[in-house]
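The values are calculated or read from the model by the stated rules, or taken from the named source; none is laboratory data. All figures in this text were calculated on a predicted structure; none of them were measured in a lab. Here Cβ is always computed from backbone atoms with ideal geometry, including for glycine, and neighbour counts include all displayed protein chains. Just so you know, the surface numbers come from the protein's heavy atoms only, side chains and all, with ligands and any DNA or RNA stripped out. Shrake-Rupley method; radii C 1.70, N 1.55, O 1.52, S 1.80 Å.
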Amino acid sequence: MLLYILKRLLYVTPVAFGVSVVCFALVHLAPGDPLSAVLPADATQATIDEMRAAYGFDKPLPVQYAIWLWHVLQGDLGISIATGRPVLGEVSRAVVNSLILASVATLIGFTFGTLFGFVAGYHRNSILDRAASALSVFGVSVPHYWLGMVLVIIFSATLGWLPPTGAGPDGSGNWRPDFEHLRYIILPAVTMSVIPTGIIARTVRALVADILAQDFVEALRAKGMNEWGVFKHVVRNAAPTALAIMGLQLGYLLGGSILIETVFAWPGTGFLLNAAIFQRDLPLLQGSILVLAMFFVALNLIVDVMQTALDPRIERA
């Protein structure tokens, strides 16, 4: 197993390098001048040249990439053009908030998705199967930003049960695990969990239906095993794939939450990316994208290793 983990780490290295190249290139290929957000409209050419030299924008792109990568390897993601603060600190705070929100949403999605999937898989072609399948299709199809606005209108504006935006009552960007802060995470987490609920439900439904149709299930029942024992075997066989889907959904939610976090003003990476895009803050944009991409790569590695550990049928060579 240790050798397998080392091999996977070796495979991750070129992927991480490629991600850094794509991250750097895409941001620099975007139109617009990043210094326009901080320079006055009547700035002289000398001031512009001085600012470009200060941020290294006067050098060729390959040189800029080499310098940027060297600083990244040392843990320095640069200085935000808009705020003048270190990018690493800005991104770290945002990643923690996004990770909390994505984890809660993934937990909700995995719980209800697994429940709907098992119900539909065990009752194929029944009313329960059609109802669970309809709910999963709705979850995959509905625009989550639209759903978020609808939930705000109902539960915040109309009923007044839950706060519409922010991460806490004090207006700070740090969420804490207490009752008052818990009220602020309910709406964005439920909204974000709709898509993974549908995806996991459809996946688990197909897995359960396929497993129940296999010969070993009939053999277990023929030996006199009760349905609870058969259910445990079904869970054991479906767990590796379901775990992989859950890990991928966590990564997708962490990196693709920009609309949800904007709707609910949640101080996470999506909200930070949105601000960086409109302010054309290249260091902040590069740092945010790179951290999210590296997290996704690391998450895939962890899920791959856990899936292999849970399922001995997967080849480790």
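Do we have any residue at all in segment 268-276 that's among the small types (Gly, Ala, Ser) and not in a helix (DSSP H, G or I)? Can you show your working first?
Going residue by residue through segment 268-276, those that are among the small types (Gly, Ala, Ser) are 268, 270, 275-276.
Filter once more, keeping what is not in a helix (DSSP H, G or I): 268.
Yes: segment 268-276 contains one or more residues that are among the small types (Gly, Ala, Ser) and not in a helix (DSSP H, G or I).
Among the numbered criteria (1) open to solvent by 80 Å² or more (accessible area, probe 1.4 Å); (2) in contact (Cβ under 8 Å) with a residue 12 or more places away in the chain; (3) of a type outside the set (Gly, Ala, Ser), which one does TRP228 miss?
Every listed condition holds for TRP228 apart from (2).
May I ask you to verify whether VAL190 is open to solvent by 20 Å² or more (accessible area, probe 1.4 Å) and either touching a Gly at 6+ places or on another chain (Cβ under 7 Å) or of a type in the set (Asp, Glu) (or both)? Step through it out loud before you land on a result.
Values: open to solvent by 20 Å² or more (accessible area, probe 1.4 Å): yes; either touching a Gly at 6+ places or on another chain (Cβ under 7 Å) or of a type in the set (Asp, Glu) (or both): no.
Against the criterion (open to solvent by 20 Å² or more (accessible area, probe 1.4 Å) and either touching a Gly at 6+ places or on another chain (Cβ under 7 Å) or of a type in the set (Asp, Glu) (or both)), VAL190 does not qualify.
Do you know which of the residues in segment 212-223 that are free of Cβ contacts under 8 Å to residues at least 40 places away in the same chain and open to solvent by less than 60 Å² (accessible area, probe 1.4 Å) is farthest from the chain's Cα centre (by Cα)? Before the answer, list the steps.
Our first condition is that a residue be free of Cβ contacts under 8 Å to residues at least 40 places away in the same chain; within segment 212-223, this holds for 213-223.
If we keep only those that are open to solvent by less than 60 Å² (accessible area, probe 1.4 Å) too, we end up with 217, 219-220.
On the way: VAL217: 36, ALA219: 41, LEU220: 39 Å.
Among those that are free of Cβ contacts under 8 Å to residues at least 40 places away in the same chain and open to solvent by less than 60 Å² (accessible area, probe 1.4 Å), it is ALA219.
With respect to THR165, determine if the residue is hydroxyl-bearing (Ser, Thr, Tyr), closer than 27 Å to PHE296 by Cβ and at pLDDT 85 or above.
On the way: hydroxyl-bearing (Ser, Thr, Tyr): yes; closer than 27 Å to PHE296 by Cβ: yes; at pLDDT 85 or above: no.
When the stated conditions are applied, THR165 does not pass them.
Of the residues LEU187, LEU250, which is in a helix (DSSP H, G or I), in contact with a Leu (Cβ under 8 Å, 6 or more places away or on another chain) and over 17 Å from VAL96 (Cβ atoms)? Working first, answer last.
Values: LEU250 fails: over 17 Å from VAL96 (Cβ atoms).
Just one listed residue meets the conditions, LEU187.
Considering only residues of segment 145-160 that are touching a residue at least 24 places away in the same chain (Cβ under 8 Å) and surrounded by fewer than 18 Cβ atoms within 10 Å (Cβ to Cβ), which is nearest to TYR252 (Cα to Cα)?
TYR145
State yes or no: is ALA131 in contact with a Leu (Cβ under 9 Å, 6 or more places away or on another chain), outside any loop (DSSP other than H, G, I, E, B) and open to solvent by less than 60 Å² (accessible area, probe 1.4 Å)?
The answer is no for ALA131.
Among the residues of segment 269-294, which ones are in contact with a Leu (Cβ under 6 Å, 6 or more places away or on another chain) and not hydroxyl-bearing (Ser, Thr, Tyr)?
Passing the criteria: ALA276, GLY287.
Among the numbered criteria (1) in a loop (DSSP other than H, G, I, E, B); (2) open to solvent by 30 Å² or more (accessible area, probe 1.4 Å), which single criterion is violated by THR203?
Among (1) in a loop (DSSP other than H, G, I, E, B); (2) open to solvent by 30 Å² or more (accessible area, probe 1.4 Å), THR203 violates only (1).
Considering each of SER103, SER80 in turn, give the residue that is open to solvent by 40 Å² or more (accessible area, probe 1.4 Å), within 24 Å of SER257 (Cβ to Cβ) and among the small types (Gly, Ala, Ser).
Numbers: SER80 fails: open to solvent by 40 Å² or more (accessible area, probe 1.4 Å).
Selected residue: SER103, the only one of SER103, SER80 that is open to solvent by 40 Å² or more (accessible area, probe 1.4 Å), within 24 Å of SER257 (Cβ to Cβ) and among the small types (Gly, Ala, Ser).
If a residue has to be open to solvent by 60 Å² or more (accessible area, probe 1.4 Å), within 20 Å of ARG280 (Cα to Cα) and within 31 Å of the chain's Cα centre (by Cα) to count, how many in segment 43-66 make the cut?
Matching residues across segment 43-66 total 2.
Read through the list (1) closer than 27 Å to THR269 by Cα; (2) within 24 Å of the chain's Cα centre (by Cα); (3) modelled with pLDDT of 80 or more, then give the number of the only condition that PHE116 fails.
The one condition PHE116 does not meet is (1).
Tell me, please, whether a residue that is under 26 Å from PHE17 (Cβ atoms), crowded, with 17+ Cβ neighbours inside 10 Å and touching a Lys or Arg at 6+ places or on another chain (Cβ under 8 Å) can be found in segment 245-260.
No: segment 245-260 contains no residue that is under 26 Å from PHE17 (Cβ atoms), crowded, with 17+ Cβ neighbours inside 10 Å and touching a Lys or Arg at 6+ places or on another chain (Cβ under 8 Å).
Using beta carbons and a limit of 7 Å, which pairs, at least six apart or on different chains, have the first residue in segment 122-139 and of a type in the set (D, E, K, R) and the second one open to solvent by 70 Å² or more (accessible area, probe 1.4 Å)?
Going by the 7 Å Cβ cut-off, the qualifying pairs are ASP129/HIS123.
Just wondering, is there one or more residues in segment 263-274 that are buried (at least 20 other Cβ atoms within 10 Å of the Cβ), closer than 24 Å to VAL137 by Cβ, at pLDDT below 85 and not aliphatic (A, V, I, L, M)?
No - not one qualifying residue is present in segment 263-274.
Would you pick out the residues in segment 46-83 that are of a type in the set (Val, Ile, Thr) and part of a loop (DSSP other than H, G, I, E, B)?
Initial filter on segment 46-83 (of a type in the set (Val, Ile, Thr)): 47-48, 63, 67, 72, 79, 81, 83.
ILE81, THR83, listed by residue number.
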